[in-house]
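Scroll down for the structure; my scribbles are underneath it.
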Amino acid sequence: MTESEPTLPVSGTDVSDRSAEVSWLAYCAPMILFLVITWLEGRVGARYYVPVYAAKAAVVTLALILCRRTWCDIRPQARWIPAAVAVGLLVFAEWVWIDRHLPYPHLGARTAYNPFTAIPDPGTRAMFLAVRFYGLVLMVPIMEELFWRSFLIRWFTEPDYTKLRVGQFSNSALAFVSAAFAVSHPEWLVAAICALAYGLLLRHTRSLFACVV
């Protein structure tokens with residue numbers, strides 16, 4: 001049994017019939033490809049990092065385009081932008097402050113890469129930074145929110161997740177997803193706080209767009 005959740009429609013946020021027909025694979029495929037290529041990134045070394053990252057951005061973007069029926073879960077709503085920005089700034093602050101000032105064991109380490117020393121050609125460096133910025137600011141937020149807080153959090157609540165609207169989930173699902181999100185990052189503690197914050201934002205707004213912002 002899961003915790004009881006509101007079942008009344010929420011204006012502008014309920015899942016469309018088209019979204020309800022989308023297969024779970026459409027939510028998972030971009031994330032799976034992202035994780036596989038990220039694992040490869042850590043093993044090819046700095047020499048091949050740029051082409052591998054560019055390939056990852058291209059492959060994941062293509063997967064998102066092929067799975068674009070999931071995009072209808074992200075409904076732009078300007079009224080939630082202030083709340084989304086406020087939560088984003090708080091997450092930024094906690095992530096940086098805790099990771100700098102509160103020692104705790106990380107789950108592995110990230111591979112450092114400095115394009116300003118590793119890429120001598122200014123044109124190539126600018127192209128890489130543009131692709132990297134696109135990946136961090138647009139591709140990853142869309143991919144992650146569709147997987148973690150549109151599909152997975154509803155699936156943990158109800159295996160037939162299409163019965164639930166975006167933003168409708170149980171407390172146990174929020175805990176499971178926050179834990180899974182945490183262990184998928186080396187900085188598990190700050191990632192757990194981040195996941196809880198985004199989950200509560202989603203519950204309050206019923207807007208996946210707010211989480212993407």
Check your understanding: Quick one: how many Å² of residue 144 are accessible to a 1.4 Å probe, rounded to 10?
Key -> 40 Å²
Practice item. Quick one: angle between helix 171-183 and the longest Cα principal axis of the chain, in degrees between 0 and 90, rounded to 10, please. Key: 10 degrees
Review point. Taking a ≥ b ≥ c as the square roots of the eigenvalues of the Cα gyration tensor of the chain, is the shape rounded (a/c under 1.5), prolate (a/b larger than b/c) or oblate?
Key: prolate
Review point. Once both axes come from the Cα atoms, what is the angle between helix 49-66 and the longest principal axis of the chain, in degrees from 0 to 90, rounded to 10?
Key: 20 degrees
**Study point:** Mean Cβ neighbour count within 10 Å, used as a protection proxy, ranking 155-164, 76-85 highest first
**Key:** 155-164, 76-85
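The values are calculated or read from the model by the stated rules, or taken from the named source; none is laboratory data. The structure presented is a predicted model; accordingly, all values stated were derived computationally and were not measured. Cβ: placed from backbone, ideal geometry, glycine included. Neighbour counts: every protein chain shown. These accessible areas exclude ligands, DNA and RNA; they are computed on the full protein's heavy atoms, side chains included. Shrake-Rupley method; radii C 1.70, N 1.55, O 1.52, S 1.80 Å.
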